[in-house]
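Taking it in order: structure first as C-alpha cells, then the write-up.
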Amino acid sequence: MNVVVLLGAPGAGKGTQAPLLAACLGIPVVATGDLFRAAVRDGTPLGLEARRFMDAGRLVPDEITVQLLLERLARPDADAGVILDGFPRTAVQAAALDVALTERGAKVCAAVLVDVPGEELVRRMSGRWICRANGHPYHEALSQPRTAGICDLDGSELYQRADDQPDTIRARMDQQLGALREVIDHYRAAGSLRTVDGLQPIVAVASAINEQLAAAGICGAAAPGSAAEA
Ligand code: AMP
C-alpha cells in the first residue's frame with residue numbers, strides 16, 4: 001500500500017499537484033478539505049459540525065477529522081494506496097494515521113513538503129477561485145479560466161471560498177503554519193520527509209515530486225530520464 005502525504009501550507013499548490021501525482025501512481029487523492037466540503041454540501045451531522053470551524057478559518061477538531069479520514073481509507077479504492085492532501089494537519093492526526101496504517105501492516109512511504117514562503121502564500125490564496133462541481137482551482141492572476149467565472153474542465157461556476165478572504169487567510173495561516181511545523185517534525189523524525197521547492201512552475205514541481213518519490217522507492221513514480229517518463 002503506497003501512502004504518500006503531500007504537505008504544505010494552504011496555497012502551496014498541493015491541490016494542483018495531487019491529481020498529477022494520482023494519474024502517475026494510479027491511486028486516488030484523498031483530500032480532507034474536499035471530504036468536509038462534501039459533508040457540508042450533503043448536510044450530514046459531521047458536515048454541520050465541521051462547517052463552524054471551516055467558515056472561521058480554523059482547523060476542524062482532530063477527533064472529527066480522523067474519523068472522516070479513516071472512513072475514507074476503509075473504502076476499497078484505497079486498498080492499493082492513497083495520496084493524502086490536507087491530512088495530517090496536526091501532530092495528533094499524524095500519530096493517529098501511523099496507528100491506523102500499522103494495524104493494516106502499512107506506513108507512510110513518503111511525506112513530501114511543497115515549500116513556499118509565507119508572503120507568496122497570502123498573494124496566491126487571495127486570488128484563488130474554485131469550481132462548484134469539482135473544486136478545480138484557478139487564480140485571477142496566475143491561472144485564469146478561458147471564460148471568466150466558468151471552469152474549463154466541467155463548465156461549472158467559479159466561486160471564492162468563504163475561507164479564502166484575506167482576513168480569514170491570515171487567521172488560517174497563523175493557526176495552520178504552527179501545526180504544520182509539528183507535522184513536518186513528525187515525518188522528519190520518522191525519516192520519511194522529502195522537500196521540493198514550490199516556487200517553481202507547476203510542471204517542474206510535479207517532476208521534482210516524482211523524483212523524490214522514485215528516490216524513496218515508490219512504485220509508479222518515474223525516475224528522471226527513465227523509460228516510463230519518456
Ligand atoms: P482545505 O481545502 O484543505 O484548505 O481545507 C479546508 C478547511 O477544511 C480547512 O481550513 C479546515 O477547516 C478543514 N480541514 C481540512 N483538512 C483538515 C485537517 N486535516 N484537520 C483539520 N481541519 C481540516
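Nothing in this text is a laboratory measurement; each read-out follows from the coordinates by a stated rule. What you see is a predicted model, and the numbers here were worked out from it, not measured in a lab. Please note: Cβ atoms are built from the backbone with ideal geometry, for glycine as well, and neighbour counts cover all protein chains shown.
Rounded, prolate or oblate: pick one for the stretch 69-192, where a ≥ b ≥ c are the square roots of the eigenvalues of its C-alpha gyration tensor, a/c under 1.5 means rounded, and failing that, prolate if a/b is larger than b/c, else oblate.
oblate
For n ≥ 4 DSSP H runs only, could you compute -39500 (n - 2.57) per run for the chain, divide by its residues and tell me the 222 nm figure to the nearest 500?
So the helix-based figure for the chain works out to -15000 deg cm²/dmol.
What whole number of Å gives the distance from the Cα centroid of the stretch 110-184 to the Cα centroid of the stretch 78-101?
22 Å
What is the gain in length, in nm to one decimal, between Asp167 and Thr44 on full extension, counting 0.36 nm per residue of separation less the C-alpha to C-alpha distance?
Details: separation 123, 0.36 × 123 = 44.28 nm, distance 2.78 nm.
Here the answer is 41.5 nm.
Treating the Cα atoms of the stretch 126-171 as identical point scatterers in vacuum, please give the log10 of the normalised Debye intensity I(q)/I(0) at q = 0.15, 0.18, 0.23, 0.31 Å⁻¹, two decimals.
-0.35, -0.48, -0.73, -1.10
List the residues, sorted by chain then number, that are 5 or more residues from Val82 or on another chain and whose placed amide H is less than 5 Å from its amide H.
Residues meeting the criterion, in which the H sits 1.01 Å from N, are Asn2, Val3, Val4.
Just to confirm the filter: which trypsin sites (Lys or Arg not before Pro) across the stretch 64-152 are DSSP coil and have at most 11 other Cβ within 10 angstrom of their Cβ?
On the way: sites: Arg72, Arg89, Arg104, Lys107, Arg123, Arg124, Arg128, Arg132, Arg146; in loops: Arg89, Arg104, Lys107, Arg132, Arg146.
Qualifying residues, ordered by number: Arg146.
With an 8 Å cut-off on Cα pairs and a minimum separation of 6 or more residues, tell me the relative contact order of the stretch 1-145 in percent. Before the final figure, lay out each step's value.
On the way: 178 pairs, mean separation 56.2, N = 145.
After rounding, I find 39 percent.
Would you please give the residues with an amide H less than 5 Å from that of Leu113, counting only those at least 5 places away or on a separate chain, with H modeled from the backbone geometry?
Close amide H contacts, sequence-distant or interchain: Leu7, Arg194, Thr195, Val196.
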